[in-house]
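Every number here is computed from the coordinates shown, using simple stated rules; none is lab data. Keep in mind that this is a model prediction, so the values were computed, not measured. Here Cβ is always computed from backbone atoms with ideal geometry, including for glycine, and neighbour counts include all displayed protein chains.
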Amino acid sequence: MKTAVITGASRGIGAACAKRFARDGYQVVINYNHSEQQAQSVLDEIKRNGGDGMLFHADVTNQDEVKSMMQETQKAYGQLDVLVNNAGIVQDAYLLMLNSENLDRCMDINVKGYFYCAQQAALKMFRKKNGVIVNISSVSSQMALAGQSVYSATKGAVNSMTRTLAKELAPYGIRVNAVAPGFVETEMLDTLPEEKRSAYLEAIPMGRFGRAEEVADLAAMLCSEQCAYLTGQTIVLDGGLSL
Ligand code: NAP
């Protein structure tokens, strides 16, 4: 049975990925940082539907915790096949409002956390010369949204790391791709003020926000044999927003 580690799987896109990969027959490791109860209910739902998995508390900005997450996964399930680097935060602020605390936090979670997890996951994948990493980026990496300079810079870094890691890891049978969603209905979107929400909705040609399950479907497809020759790409999933 294959194993997938999904970071930030207590809710939103990560939770949808955990449920989708479990449905596809993976044993899933549901990583969370603060939301243990929500993570537990994701696992309960997976088990009720006949799937298998476990919870793992780790702050992705802590290298030791990330290392032990991958080690415990290997111990519990004997292998690691998929990493979905998903745990992320958005902290909108215009340039003059930026402070170093928010800047560091966003960089630490959205960039360093992705590197730590990719590094520790790749160490496990090297052994069997097989594996897939999916990085959850954002359409903000390619589209200028006022107030999102830090967030978009972190997601631009995710796209760049996706390309370079894909090149580095291809000889070891590991593929690396990214999904760049537009606006997706999760708690992250709840942080938007109502007037911004309506303006963004109007800008989406398909006339609706995306669903977490739609991101999970694409992540699952990227990990499937159908995409066996695809690596280093960032796939935009945004209902036409960036066109
Ligand atoms: P969300 O609902 O706010 O969920 C964020 C998840 O990340 C939570 O499970 C949270 O876990 C986890 N997390 C945050 N900091 C963490 C840390 N230090 N260590 C481990 N886990 C941590 O967000 P979402 O909308 O599902 O977003 C998921 C990803 O999609 C992010 O990378 C985001 O940038 C990207 N994205 C979202 C949208 C959107 O419109 N929603 C659009 C484009 C891209 P705890 O609560 O347990 O701490």
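Taking 0.36 nm per residue of separation and subtracting the Cα-Cα distance, full extension of the segment from R127 to Q38 would add 28.7 nm.
Annotation note: trypsin sites (Lys or Arg not before Pro) in segment 168-216 located in DSSP loop regions with a Cβ neighbour count of at most 13 within 10 Å are R208. For the peptides 91-98, 77-84, 46-53, the ranking by packing is 77-84, 46-53, 91-98, with the highest mean count of neighbouring Cβ atoms within 10 Å listed first. Projection of the Cα convex hull of segment 122-224, averaged over all directions and equal to a quarter of that hull's surface, yields 7.5 nm². In the chain, helical runs assigned H by DSSP with n ≥ 4 each contribute -39500 (n - 2.57); averaged across all residues and rounded to the nearest 500, the mean residue ellipticity at 222 nm is -14000 deg cm²/dmol. In straight-distance terms, cross-link reach from K112 covers every one of the lysines whose alpha-carbon lies under 16 Å from its own, apart from those fewer than eight places away in the same chain; here that gives K67, K155. Run the quick spin-label model on L96 and E195: label points 7 Å from Cα toward the beta carbon, then report their separation in nm to one decimal. Placing both labels 7 Å beyond Cα along the Cβ direction yields 1.8 nm.
Annotation: amide H of V236 within the under-5 Å range of A180, sequence separation 5 or more or interchain, hydrogens built in the peptide plane. All C-alpha pair distances within the chain, sorted into 5 Å bins from zero, spread as 1, 7, 14, 19, 21, 17, 11, 6, 2, 0, 0 percent across the bins. List the GluC sites (Glu not before Pro) in segment 125-232 that DSSP assigns to loop (not H, G, I, E or B) and whose Cβ has at most 16 other Cβ atoms within 10 Å. Which are they? Those that pass, being in a loop and sparsely packed, are E185. Residues whose amide H lies under 5 Å from that of G131, counting only those 5 or more places away or on a different chain, are R175; hydrogens are built 1.01 Å from N in the peptide plane. The label-point distance for N62 and E213, in a model that sets each label 7 Å from Cα toward Cβ, rounds to 3.5 nm.
Would you mind checking the pairs K2/K167; K129/K167; K128/K167; K75/K167 and listing those with alpha carbons more than 26 angstrom apart? Listed pairs above 26 Å: K75/K167.
Averaging Cα coordinates gives a centre for segment 136-181 and one for segment 41-62; these two points are 25 Å apart.
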